[in-house]
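A.B. asks: Attaching a single structure in structure tokens format; questions to follow.
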Amino acid sequence: MRSLLRATSGAARWLRRPARGVFWLLCLGVLLAGCSREPELPYFAPGTRVLAFGDSLTFGTGAQTDQSYPARVAEATGWDLRNAGVPGELAEDGLVRLQSLLQAESPALVLLCHGGNNLLRGQSEELIRSQLAGMIELAQAQGTQVVLLGVPKPTLLVRTAGFYADLADEYGLVYLPDAIADALSDPALKSDQIHPNAAGYAAIADQLVALLRDSGAL
């Protein structure tokens, strides 16, 4: 009888072990899901003040003013969106300009697309990254949300510079990695080697609006 009880107890322990393992696997899955969760944005109602900040890619060089990606995003969202793109601007100059714009405009959201002219000049990626980090920190210090757009390197194969993804990870930003690179990889979507055309800006805006919707901003 005692042997039977020991056998039964041992079998019960054996049965509990797989269940315990399944439990901890489920716990690990929940933790991993939490760690990989994508950044989110608060909802921004129509009329919200938004700043699209950058250089010629934001300005819309290669298309009409109302065909830039900020103009198309404004039309799709109903936001009070200011196009603050300055063609030819370097990131170091943009860092100074952004500080005064944040103070004057107090936007709820900044769409940040900068650094392309620095890449064209072959400047150090670490230097460009630090200047963009300064822009992000200025905005976040004011309580402004930031969405980052990746900009490609001027190479034969159009690929977004890797430090944009690093910045997005470091600062927990909603990030649009390849919309500009995609447009500049398609001859039908670009006006020259470094600027989209109207159709290219429309494609960028479509991807950006979809990202904003997925992140909760719309």
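A.B. asks: Residue by residue through segment 178-186, what is 3J(HN,Hα) from phi via Karplus (6.51 cos²θ - 1.76 cosθ + 1.60, θ = phi - 60°)? Round to whole Hz and write x for glycine and proline.
C.D. replies: For segment 178-186, the Karplus-derived couplings read 10, 4, 5, 4, 4, 5, 7, 8, 10 Hz, x marking Gly and Pro.
A.B. asks: Label segment 155-218 by shape, choosing from rounded, prolate and oblate, from the square roots a ≥ b ≥ c of the eigenvalues of the Cα gyration tensor; if a/c is under 1.5 it is rounded, and otherwise prolate applies when a/b is larger than b/c, oblate when it is not.
C.D. replies: Since a/c reaches 1.5 but b/c is at least a/b, the shape of segment 155-218 is classed as oblate.
A.B. asks: Can you compute 3J(HN,Hα) from phi for each residue in segment 50-64, using the Karplus curve 6.51 cos²θ - 1.76 cosθ + 1.60 with θ = phi - 60°, rounded to whole Hz and x for Gly and Pro?
C.D. replies: 10, 10, 9, 10, x, 10, 5, 5, 7, 4, x, 4, x, 8, 6
A.B. asks: Roughly to the nearest percent, how much of the accessible area of segment 122-218 is carbon and sulfur, given a 1.4 Å probe?
C.D. replies: Numbers: 2190 of 4250 Å².
Carbon-and-sulfur percentage of accessible area, whole number: 51.
A.B. asks: While we're looking at this one, here's another question. Could you please state how large a percent of the accessible area of segment 71-117 is carbon and sulfur, counting protein chains only and using a 1.4 Å probe?
C.D. replies: It is 47 percent, rounded to a whole number.
A.B. asks: Right, next: List every residue whose amide H lies under 5 Å from the amide H of Arg49, counting only residues 5 or more places away in sequence or on a different chain, with H placed 1.01 Å from N in the peptide plane.
C.D. replies: When sequence neighbours closer than 5 places are left aside, the close amide H contacts are Asp80, Ala108.
A.B. asks: Averaged per residue, what accessible surface does segment 55-192 expose to a 1.4 Å probe, in Å²?
C.D. replies: 43 Å²
The values are calculated or read from the model by the stated rules, or taken from the named source; none is laboratory data. Because the structure is a prediction, the values reported are computed rather than measured. Remember, those area values only see protein heavy atoms, side chains included, never the ligands or the DNA or RNA. Shrake-Rupley method; radii C 1.70, N 1.55, O 1.52, S 1.80 Å.
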